Each structure stands twice: as structure tokens, then as C-alpha cells.
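Structure first, then comments.
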Amino acid sequence: MSCNFKEIDWGPDEAKNDHNLEKYFVKIPQYQDILLGKKRYIIGRKGTGKTAILESIRIESEKNPLWQFADISLKNFPLSIIRNLRDKNYRDKSQYVPAWSFLLLIELAKMICSDESSKPFEEVFRLKEFLISNRFLEGTITETATFLEENEAKVNVASEWLGAEYTKKYGKEINTSIVYHRVLEILIAKINRINSDSTYFLLVDELDEGYKAKDSNIRLLILSLLWSIENLALLFKYDNIRLRCVLALRSDIYETLEDNDLNKYDDYLIKLIWNPKLLGNYSILEIVNKRIVASYPQLADDENPWLKIANQYDRSIPIRRGGLWEFMYNRTYERPRDIIKFLKICQNKTRSRILDYSIVKDTELDYSTWLWGEIRDELHSHLAVWQEALQAITRVNKGKFTREEYTYQLQASLKIVKWLEANYKTVDDLIEILFDYSIIGNYYPETERWIFKYKDTTLAWDRDANIIVHFGLVKKLRIRTY
């Protein structure tokens, strides 16, 4: 069967708004648990498929009349408003929980009011009146937060909500303006009186926007958001409303969080770690094959469609490099986005019907440059001198070197020296950050063994071992020898 590598639709770089995702989306083993509310926190590095899971839920919701979803995007969200809305009666993360809880409840209430299966009508009508009177019904979560701030953290509620006798004046109910967090329990009670056949999804994403590792206040805001989600998920677990909260968060941000309650989330947490093998859970090759089949449905029963579009056993591949697939994935961080991007770059640079080693080698610099950009997006919030640290690797001009060689080059940068002094860090601290992001790994020349943290997140940097640069960054860093 003739297949053309050039005709494969690999999809866009970002899963969000990818309407073709359902054709090639690979469901992780815990996907059903997410839909049932048994899992609600998706943790993974950038490019591991967190947003793809949320997008799949959106796509399924558009086809299922009994599924409703609300996007809680924190991109460009004014976190300063949450700080201003804090409840001063509490300390630490607790002071921000009421604000997050209120905002999430409003999003749930909006879904309930737009759902034709919600009943009884009178209760839904009262809830909708509350949303309309406060301009919440049509607004975004950002607009809701902005309204609260502009209204001095107060909302309008019908007097009967506060237990007052139901009265009317000039044909309208008497409304009272009170601080929003006094409405929380009332709002929860109102929602609990409503029945629905639907499942409601709160999809929380893009928490990394504007994140800075040194900003402890942002970490506190994220912790308070997690706590708010946990409270709501448990609150509605056995009630008439089926609420599913799903939050996606970068693993490097999650790992900086420090809180006694974090272990409580463990049962509801999924860590996305993929493997390059053909068989088994979290297979990256399965993702690639699914996209090949989406373009060539006749390959659906083929054991390994990859072999139809790539010269896996190209004899020009250097000895000990494995096949073409092994050569490519060794230059990734074993994330779906990495390998898909590598394939797209190869596709854009060739007219060949079959992917071979010569094409991969010709595009390796372009891919390495892209991977360098991905690392930059993750690293810059944790290491201000990341660029100077990578330039020091270029000056070493080798893919494998000793800690002493690298230390010499790092200390030759005045900007790095000043950063170390200002932040009370040592060179070893800086090197360890690079190890944590798998820019470098440990290398043991005696056994020719190397390890990178992306393969095992529990690994710690061994300062007595040599250093090896990640294979995918070698071309961009202009390293001449390995």
C-alpha cells in the first residue's frame, strides 16, 4: 500500500481548538476516571497532552446534550483582583479560597441556568435572577472578578435569600447588597435544591501564564485554587448536581508548591509520563500511529503504521543509534508535542514520500532550535540567567564534560556571578536547576551510562558524575563534538 509522508495531517501545535482532535486523540488509561470525577488534577510538563485532554472533553460535550462545560482560562487573568477580594478573617491560602469558590460557583450556576434539564423551574429562575442582577450571566470569569472588585466585593441578592420575609415593592423584589463571601453558603444551598440529568465540567487551564517561581504569592493563589476545587468537588460528590472539576497544571509549577494539604490530592491526581514504545500505556508511538491512520484509514488494522511512512531500518543511520524512530525520540523529552513537531518540520522540508535518515539529519537544527524555545518558555521563570547558562555550554563546546569544565565557563559570565550572589546560590545550585529540566544529565564514562531526569522524575543530580547535554539541544547550542 502506497502512503505519502507529505500528506499526513499531524495537527496544529496546540491542542486547544483543534476540532480534528477526536480523529487521533489517544485516551490515557485514566480518562474515564476523569469523566466520572475520580481524577481531577492533570500534572505534566509542557507538551505532554494536558490541554488535549481538556479539549477532548470540550469536543465530546458539544455532541452530548447532557454534558455542559465552562472554560476557566487564567490566561491574562488579573490575579491582583483575587488578592483584593481576599477574606481578611483568614490567613495564608485560606484568605483566597472564598474568592475562588465564588467564581467557580458562578460558572457552575451559569451552566445550570442554561441547561434545559435543570429543575425545578422556580429554583432555576431564582438562581438566574441573581446572575442577571449582578451581570454574571453572560460574562467571563475575568468579568465576574472585575465586577466584584468594582462593586467593593459586594453582590445584590433578594432579601428572601437572607431569610427575610418575601416582599415586593412596585412589582419588584427588594434586593440587598452584601459582601460576596456571605453568599457562598446560600448559593451552595440554592444549587443543591436543583436537579439535573446533566454532567457539568469546570475546565481550568493556563495557570502558567505570568508565573514566576520567586513569587510566593502566586504559589499561594494556586494552592488556594486547588483547595477551592477540592472543596467543591467533594461538596457536590453525592448531591443532585454532577460536577466534574478538571485542572491542568505544569509539573514544574506543581513541584514548587509547599503545603500540608498536597498529599490529600494524590488520589485524584494524574501525572502524564509517556514512553516511546509501541505497546503499553502512554505510548508516544501510538499517538503518532493514530495520526497516520487518521490520514490513511485503510491502515487501521496495521500493527505499526509508522513503517508505512518511514524508513525505520535506514542503513545510513550510524551504528548504535537504533532505527529511525529511536534516533528521533532520543532527541525529544518523550513528550507528544516534541515528536509531532519534529515530524512536521521534516514534512515541511522535504518532498519525499517516505521519511528517511537524510531528511531527519537535514532538519535536526530546525528542530533543535524549536526545542530550545520550548525549554526557554519553561525555564525563564525559574532561572533568570538561563540564556547565559546555555551559552556557557556552547563555550565548553562538547556534549560530555566534567563539572569543573562547566563551572569554569559559568563563572566566566559576570551576569551569572551577580545572579548567584544576589540570590544566595552556588554554581552547583544553578547546575542542578538545569538537571531538573533535563537540559543536562549525568554521564558515567566508565560504563558509558547516562541518565536524564525526564526519564525518572525521582532522580537527583550527582555532582560527582560528569555532565551530558540533551541530544535534542546539541545542534542549537552549536556543540561540535559528542
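The values are calculated or read from the model by the stated rules, or taken from the named source; none is laboratory data. In this text the structure is predicted, and so the values were computed from the model without any measurement. In this analysis, Cβ positions are derived from the backbone assuming ideal geometry, glycine residues included, and neighbour counts consider all displayed protein chains. Side chains included, ligands, DNA and RNA excluded: accessible areas come from the protein's heavy atoms. Shrake-Rupley method; radii C 1.70, N 1.55, O 1.52, S 1.80 Å.
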Legend entry - Selection within the stretch 124-152 - assigned to a loop (DSSP other than H, G, I, E, B), open to solvent by less than 20 Å² (accessible area, probe 1.4 Å) and of a type outside the set (Phe, Trp, Tyr): 134, 139
Inset, instruction - Please go through the stretch 91-113 and pick out each residue that is surrounded by 14 or more Cβ atoms within 10 Å (Cβ to Cβ) and either part of a loop (DSSP other than H, G, I, E, B) or touching a Pro at 6+ places or on another chain (Cβ under 9 Å) (or both). - result: 96
Inset, instruction - Give the stretch 369-393 a look and list any residue that's within 20 Å of residue 337 (Cβ to Cβ) and either in contact with a Gly (Cβ under 6 Å, 6 or more places away or on another chain) or charged (D, E, K, R) (or both), or say none. - result: 371, 374, 376, 377, 378
Legend entry - Residue that is surrounded by the fewest Cβ atoms within 10 Å (Cβ to Cβ) [pool: residues in the stretch 237-273 that are closer than 21 Å to residue 35 by Cα and among the aromatic types (Phe, Trp, Tyr)]: 238
Legend entry - Subset of the stretch 347-367 [in a helix (DSSP H, G or I), in contact (Cβ under 8 Å) with a residue 60 or more places away in the chain and surrounded by fewer than 23 Cβ atoms within 10 Å (Cβ to Cβ)]: 347, 364, 365
Inset, instruction - Working only within the stretch 368-387, note down all residues that are assigned to a helix (DSSP H, G or I), of a type in the set (A, V, I, L, M) and at pLDDT 95 or above. - result: 371
Inset, instruction - Might you check whether a residue that is closer than 20 Å to residue 254 by Cα and at pLDDT 95 or above occurs anywhere in the stretch 53-61? - result: yes
Inset, instruction - Could you tell me whether residue 4 is of a type in the set (S, T, N, Q), farther than 26 Å from residue 272 by Cα and open to solvent by less than 40 Å² (accessible area, probe 1.4 Å)? - result: yes
Inset, instruction - With the condition kept exactly as written, say whether any residue in the stretch 326-344 is over 25 Å from residue 28 (Cβ atoms), more than 26 Å from the chain's Cα centre (by Cα), crowded, with 16+ Cβ neighbours inside 10 Å and without any contact (Cβ under 8 Å) to a residue 60 or more places away in the chain. - result: yes
Legend entry - Qualifying positions in the stretch 228-284 - among the hydrophobic types (A, V, I, L, M, F, W, C), more than 17 Å from residue 43 (Cβ to Cβ) and not in a loop (DSSP other than H, G, I, E, B): 232, 234, 235, 243, 284
Inset, instruction - Output the qualifying pairs, or none if there are none: Cβ atoms under 9 angstrom, residues six or more apart or on different chains, first residue in the stretch 181-200 and open to solvent by 30 Å² or more (accessible area, probe 1.4 Å), second residue part of a helix (DSSP H, G or I) and polar (S, T, N, Q). - result: 181/101; 188/101
Legend entry - Residue within the stretch 439-446 that is in contact with a helix residue (DSSP H, G or I) (Cβ under 9 Å, 6 or more places away or on another chain), surrounded by fewer than 16 Cβ atoms within 10 Å (Cβ to Cβ) and either at pLDDT below 95 or aliphatic (A, V, I, L, M) (or both) present: no
Inset, instruction - For residue 425, state whether it is open to solvent by less than 70 Å² (accessible area, probe 1.4 Å) and touching a Phe, Trp or Tyr at 6+ places or on another chain (Cβ under 8 Å). - result: no
Inset, instruction - Scan the stretch 17-36 and give yes if some residue there is modelled with pLDDT under 95, closer than 20 Å to residue 73 by Cβ, surrounded by fewer than 18 Cβ atoms within 10 Å (Cβ to Cβ) and within 16 Å of the chain's Cα centre (by Cα), otherwise no. - result: yes
Inset, instruction - Would you point out which residue out of 372, 386 is without any contact (Cβ under 8 Å) to a residue 24 or more places away in the chain, within 23 Å of residue 405 (Cα to Cα) and open to solvent by less than 50 Å² (accessible area, probe 1.4 Å)? - result: 386
Inset, instruction - Under 9 Å between Cβ atoms, at least 6 apart or on separate chains: pull out the pairs that start in the stretch 231-245 with a residue that is closer than 18 Å to residue 264 by Cβ and polar (S, T, N, Q) and end on any residue that is part of a helix (DSSP H, G or I) and modelled with pLDDT of 90 or more. - result: 231/97; 231/101
Inset, instruction - Restrict the check to the stretch 459-469 and report whether at least one residue is part of a helix (DSSP H, G or I), of a type outside the set (Gly, Ala, Ser), closer than 28 Å to residue 321 by Cβ and open to solvent by 30 Å² or more (accessible area, probe 1.4 Å). - result: no
Inset, instruction - Taking residue 426 as the residue in question, decide whether it is out of contact with any Ser or Thr (no Cβ under 7 Å at 6 or more places or on another chain) and modelled with pLDDT under 95. - result: no
Legend entry - Within the stretch 306-325, considering residues that are part of a loop (DSSP other than H, G, I, E, B) and among the β-branched types (Val, Ile, Thr), the one least open to solvent (accessible area, probe 1.4 Å): 317
